[in-house]
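Taken together, the values in this text are just the output of simple stated rules run on the coordinates, not laboratory data. None of the values given here were measured: they were computed from a predicted structure. Please note: Cβ atoms are built from the backbone with ideal geometry, for glycine as well, and neighbour counts cover all protein chains shown.
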Amino acid sequence: MVRAWILPILLVLSGAAVATGQFSKGSPGTAAALLLVFLALAGVHSPLIFPRAIGAQEAQRLSALDGRPVVFWRPGCKYCIRLRIRLGRSARQVHWVDIWRDPAGAAAVRAANDGNETVPTVVVAGRPHTNPDPVWVREQLSPSA
């Protein structure tokens with residue numbers, strides 16, 4: 001869990017340092033703007049923008065029951081962030097598995113990607129798809145989900 005927060009914490013600390021430097025040079029407006037940019041980057045790279053992650057076994061069980069896709073992801077992955085943002089509200093209809101928190105999820109991703117932990121890996125109807133187009137993932141969601 002700590003590993004997922006390293007990048008956001010570094011972004012906040014870096015932003016605070018840069019903002020402090022700008023403030024001390026007499027540019028409070030620039031300091032505030034830079035701090036906001038760093039805070040936004042920290043937020044986007046944190047696990048907070050993703051729906052609650054569950055374990056791989058639970059996600060696969062639920063997917064078998066409701067037919068929803070399972071997305072294996074990790075914090076800080078720009079392709080995972082792109083998928084999450086492009087799914088919008090539909091992201092809550094997908095089962096999310098954080099491979100840094102779930103060793104079984106990481107193993108499932110390695111099994112689907114020739115031993116590599118390439119994310120996002122989306123499993124639809126038992127078939128893995130590595131870094132699929134977000135539009136395609138949205139199309140896989142059932143209308144009743």
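Note on the stretch 51-139: Cα-Cα pairs beyond 19 Å make up 27% of the total pair count. Mean Kyte-Doolittle of at least 1.6 plus a Cα span of 20 Å or more along the axis: flag which DSSP H helices in the chain meet both, please. Length and hydropathy pass: 28-44. With helices as the sole contributors, the chain gives -17000 deg cm²/dmol at 222 nm; each DSSP H run of n ≥ 4 counts as -39500 (n - 2.57), and the sum is divided by every residue. Packing around the peptides 3-9, 61-67, taken as the average count of other Cβ atoms within 10 Å per residue, puts them in this order, highest first: 3-9, 61-67. What does the C-alpha gyration tensor say about the overall shape of the stretch 1-73? Classify as rounded when a/c is under 1.5, otherwise prolate if a/b is larger than b/c, or oblate. Since a/c reaches 1.5 and a/b is larger than b/c, the shape of the stretch 1-73 is classed as prolate.
For the stretch 1-66 versus the stretch 96-145, the inter-centroid distance based on Cα atoms is 23 Å.
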